[in-house]
Amino acid sequence: MKTDRDLERQLASIDRRGYPAYKGLRGTYDFGDFELDIAHVQGDPFAAPSQLAVYVPGDVSGLPACCRDAAHRRTATEDLLVRRFSKEAAQASFKVGGSGKSGFIGTSNPGPEILARSACEIAPDGAVMLRFEAGLPAHGRTIDARAAARMLLDLIPVCVERALMLDDAGRRAAQKAAELADDQRAVRSAMRERDLVAFVADGSVLPRSSGVSAKPLAGARPFTSPESMRVTLELPHRGRVRGMGIRRGITLIVGGGYHGKSTLLKALQEGVYDHIAGDGRELVATDETAMKLRAEDSRVVHAVDISPFINNLPDGRDTRSFSTEDASGSTSQAASTVEALEAGARTLLIDEDTSATNFMVRDALMEAVVAGEHEPITPFVERVRALWERHGVSCVLVMGSSGAFFPVADSVIQMDAYEANDITERVRAVLADARLAGTHPEAPGLGVSAGEASEAGETSASSSSDQDAPASRPLELGGRLERRSTGRPGRRGRARGGDGAGTARHEHLKVRGRGRDGFTVGSYDADLRLVEQLVDAEQSAALAQMVRVVLEHGLLDGMRALRDVVDEAFRVLDEQGWEALSPYGDAACGLARPRPCELFAALNRLR
């Protein structure tokens with residue numbers, strides 16, 4: 001293996017030559033305490049930065065054993081190391097100048113969510129591989145070897161030493177990150193044992209500092225759980241923690257405008273991910289399969305059975321296999337609901353503000369004016385009980401203006417100046433008075449007694465119910481959950497099927513990312529702007545590469561169920577690592593692991 005001295009001599013030999021001479025630097029160099037790998041060199045100083053990596057042996061990194069002996073602890077520690085290196089790189093970046101991206105040093109820059117990232121991997125023995133980008137210096141397209149030597153032989157080694165070779169303070173920080181990961185894992189385990197869809201610890205800070213910031217709002221009122229919904233969890237490191245437990249079933253979040261309804265729901269939708277200490281939501285956890293649903297006007301829909309919600313269209317189109325390039329708000333939300341069930345969602349999250357009104361409810365006056373036989377939409381309010389009782393799918397809904405969901409709910413939380421109150425019994429009393437007055441019909445949920453509601457909740461998740469749904473048509477979704485892929489191939493003439501993602505590689509489809517908004521793979525485009533639980537642009541980048549692999553290997557051949565396509569893509573990622581998503585064989589920073597349901601969403605939105 002070449003050494004850092006060899007790298008210094010090579011740099012001197014190419015000074016003032018044309019930029020392509022940098023290509024000769026590719027390879028691995030021994031710096032003593034670590035190795036530097038120059039994996040990919042940019043074509044010119046204005047192109048995407050070069051891809052580099054450092055390898056720090058376990059006896060040098062100083063990582064405690066407790067930070068690397070389990071997958072969830074390794075992920076939390078990798079996240080910490082990425083943040084440390086990103087901070088050091090930001091201080092070293094552009095200390096040498098030049099044209100274009102000359103002097104840039106950077107790696108992933110995570111938000112508050114803890115995600116598995118291609119930027120860092122920790123081996124069981126504590127060895128650290130950290131990947132980053134660097135803009136090799138030039139003036140115009142002429143190499144500045146002296147600046148490059150300072151970057152590669154001085155600035156980057158300092159970043160490695162400060163971020164990845166842990167002193168006592170660094171080891172304590174790593175241990176705290178691992179302990180928080182233990183506690184978060186324990187919260188999710190307790191949720192499953194107690195049949196909860198979500199947990200919000202007392203003292204959590206839910207509001208963010210602004211609509212475009214993920215930082216907690218300074219001076220915000222800490223969350224306090226309603227006494228009737230308070231549960232106590234025993235965590236391995238924090239000990240006894242109290243908070244609000246949202247039980248499986250149908251839960252409404254109500255209240256006046258600006259009182260914190262959507263803030264609570266946003267915390268729940270992002271609670272599918274663990275969060276770093278200091279975020280305020282580190283002990284807010286939601287069922288990992290939960291999916292946020294909303295209207296998405298103009299989205300593409302491929303062969304989705306939306307008949308449980310939309311049927312008998314006036315133009316005679318078959319809604320059991322519905323496709324469109326320009327869905328309406330109600331049609332898009334119906335498709336997204338059924339797609340979420342296909343993806344395995346056990347919890348649906350819905351905010352009235354971002355939903356199609358005619359998909360959610362239909363009031364009695366409209367029913368009287370426009371007869372039901374002239375309305376093809378069966379609103380969600382008439383299906384939500386059947387989703388829970390027949391399919392075990394819970395739902396958390398924010399409602400601010402319509403009371404239509406009160407009779408079908410199991411519990412109701414009122415947000416009042418960011419304070420959560422359990423008003424379930426008050427709503428039950430109001431409904432009872434309305435029935436006595438003849439102004440409201442009998443209905444499941446809060447429309448029955450507390451004992452009957454409790455009994456229904458205990459049995460619905462474990463067995464199918466023969467009770468008819470409130471709607472006029474029964475809700476049957478079983479056939480839809482085996483929908484076949486729609487047979488959109490990668491390139492004409494490319495080999496398909498066979499060994500799936502293990503087949504020989506061909507010419508790669510070009511991938512172009514648009515941050516969290518979506519991506520293009522070859523001639524296919526995915527608009528992900530309204531897939532709200534994608535929280536990081538690196539998740540979208542990983543989805544783009546997964547879709548590329550799916551298309552290149554012909555997995556969307558019309559023969560496989562979409563679930564099988566998704567399972568195969570994640571199997572390849574799990575078995576082959578981040579290299580499986582690189583067109584060039586070497587992994588690079590810039591990818592973060594999405595959930596399987598987000599890959600479903602991307603494939604369903606391919607245009």
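Read-outs throughout are calculated quantities, based only on the coordinates presented, and are distinct from any laboratory measurement. It should be emphasised that the depicted structure is a prediction, and the values quoted were computed from it without experimental measurement. Note that each Cβ is placed from the backbone with ideal geometry, even for glycine, and that neighbours are counted across all protein chains shown.
The stretch 323-398 and the stretch 102-148 have Cα centres lying 45 Å from one another.
Under the rule of -39500 (n - 2.57) per DSSP H run of 4 or more residues, summed and divided by the residues of the chain, what mean residue ellipticity at 222 nm is obtained, to the nearest 500 deg cm²/dmol?
On the way: 16 runs with 184 residues, N = 607.
Computed mean residue ellipticity for the chain: -9500 deg cm²/dmol.
In whole percents, the pair-distance distribution calculated for the chain from its alpha-carbon pairs, binned every 20 Å from zero, is 18, 47, 28, 7, 0. Ordered by the count of other Cβ atoms within 10 Å of each Cβ, fewest first, 261, 2 give 2, 261. Counting other Cβ atoms within 10 Å as a rough exposure proxy, the listed residues 159, 395 run 159, 395 from fewest neighbours to most.
Please state the shape class of the stretch 1-44: rounded when a/c is under 1.5, otherwise prolate if a/b exceeds b/c and oblate if not, all from the C-alpha gyration tensor.
On the way: a/c = 3.24, a/b = 1.56, b/c = 2.07.
Oblate.
Based on every Cα atom in the stretch 182-263, Rg and the maximum pairwise Cα distance Dmax equal 13.9, 39 Å. Computed from the C-alpha gyration tensor, the three semi-axes of the ellipsoid equivalent to the stretch 174-313 are 30, 19, 16 Å, from longest to shortest.
Structure note, pairs 95/215; 261/292; 87/215; 23/101; 266/292: Cα-Cα distances above 19 angstrom occur for 95/215. Put simply, when 201-210, 529-538 are sorted by average Cβ atoms within 10 angstrom per residue, most first, you get 529-538, 201-210. Multiplying each eigenvalue of the alpha-carbon gyration tensor of the stretch 127-247 by 5 and taking the square root yields semi-axes of 45, 20, 13 Å, largest first, rounded to whole angstroms.
Using only the Cα atoms of the stretch 279-417, build the gyration tensor, take square roots of its eigenvalues as a ≥ b ≥ c, and label the shape rounded, prolate or oblate: rounded if a/c is under 1.5, else prolate if a/b is larger than b/c, else oblate. Don't skip to the answer; put the middle values down first.
Working: a/c = 1.88, a/b = 1.33, b/c = 1.42.
Here the stretch 279-417 falls in the oblate category.
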